[in-house]
Every structure is written in C-alpha cells, then in structure tokens.
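To start, the structure itself, in structure tokens.
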Amino acid sequence: MNDDFEALQREWQKDKDNIKSDTTTMNDLFFLIQKKKKASVRFQFGNIIVLLITMLGITAFFYYVAPVKETLSRIGAGLMVIGLFLRIVIEMISIIKSKNIDVKDNVLETSEKTITYYKFRKTIHGPITIIILVLYTIGFYMITPEFSLYFSTWKMILIDVSYLVAACIFIPIIRKSIKREIRTLLDIIDLKNRIINNEQS
C-alpha cells in the first residue's frame, strides 16, 4: 500500500506543471482547492453510504435470516459488524477534519493542516484498512463451523470460495478509488504550495 502512495506521489511530481501558469492566479488556486476538497469529501460520503448499507444488510441477515447461536459464530458476526462500524466512524472523523481546513486561513497554517490530513488519510488507507479487513475476514470464517451444520460441504466450499472471489474483484476497485482520492489530496497540497510561492515572490 505504501508503495502505491509513493508511486502516486512521484507521478504527481512529474505532472504537477500541467496546470498552466496563466490560470494560477490566487482566486483560481482557491477555486481549484475548494473543488478538489469537495471531490474528496464526496468520496468519503460515498464510502459511508456503501459501508452503512453493507453493515445494515449483514446485521439484518444475522438477526432475521440466520441468527447464529454458537459463541464462536457470534464473535465472528460481531467482528464483521464492528469492523464496518469502525470504518464508518473513521470516515466521519475524516469529513470533520476536512471541514476544519479553511483555505481562507493563513496559507502556511492551512498547508500544514492539509499535509496532516493527508497523512491521516494515508494511515487510514494503509494499516487501519488492512487491520479492519483482516478482522472482517477472520469474523467471516469464524461463522463457517456453525454454518457447516446447516449446509452441505460443497455449499460451504462455494460460500468460502465466493468470499475470496469477491475480495479479488472488489480490492482492486477499492485500491483504484483510494489512489484517486490520494491524488486529489496531493493536488490540494501542491496548489497550496503554489499559493505560498506566489505570496513569497
């Protein structure tokens, strides 16, 4: 994951001069920053909606369709739901942090806040997301022993394998979305640095 971020940073360093100098007046830069900031917040709201629907769906499934009885299974179901809930809370914290960055504040202060926010998002998309995914996966497979009492062996194999297939499909999509968001955050940082350079020149 860190390699992806570093590669993305290098790519942005190569492409950052694509913004033509005749469009980089102070007002234009502020407008671009606001636009990119809104795009990042929309991405986070999208995450919250998807995660919330998934969490409610899983909760309803275990409550109405397949109420697990074994302690191991209940712990597993709890890990799955708690993992999703924590990710939703983290996204909400991210939105609050983003809202606290005001581009009309002192430019240096705003730049520092943006860089701190970028590092925070990088941590979320790195170790925190990995930990949540691992806990979710462990929870999923902790339910398998009880489900095996009600489903035939081939159906259980199908269920367990389908989880891995779904992971292989969705992880690249998630990684692409994350890279797009981080690219946006890097854009904001660079635009703020350009404002600093304009003020100092």
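In table form, for the structure just shown:
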read-out	value
Convex hull per residue volume in Å³, alpha carbons only, for segment 139-198	70 Å³
In Hz, Karplus ³J(HN,Hα) per residue of segment 49-57 (6.51, -1.76, 1.60; θ = phi - 60°; x = Gly, Pro)	4, 4, 5, 5, 4, 4, 5, 5, x
Protection proxy ranking of 37-46, 59-68 - average other beta-carbon atoms within 10 Å, highest first	37-46, 59-68
Order by protection proxy (mean Cβ within 10 Å, highest first), peptides 141-153, 124-136, 162-174	124-136, 141-153, 162-174
Whole-number accessible area per residue in Å² for segment 118-181, which is evaluated in the context of all protein chains at 1.4 Å	63 Å²
Exceeding the 27 Å Cα-Cα cut-off - candidates Lys155/Lys176; Lys35/Lys119; Lys35/Lys179; Lys69/Lys122	Lys155/Lys176; Lys69/Lys122
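The values are calculated or read from the model by the stated rules, or taken from the named source; none is laboratory data. What you see is a predicted model, and the numbers here were worked out from it, not measured in a lab. Cβ atoms come from the backbone with ideal geometry, glycine included; neighbour counts cover every protein chain shown. Calculation scope for accessible area: heavy atoms of the full protein, side chains included, ligands and nucleic acids excluded. Shrake-Rupley method; radii C 1.70, N 1.55, O 1.52, S 1.80 Å.
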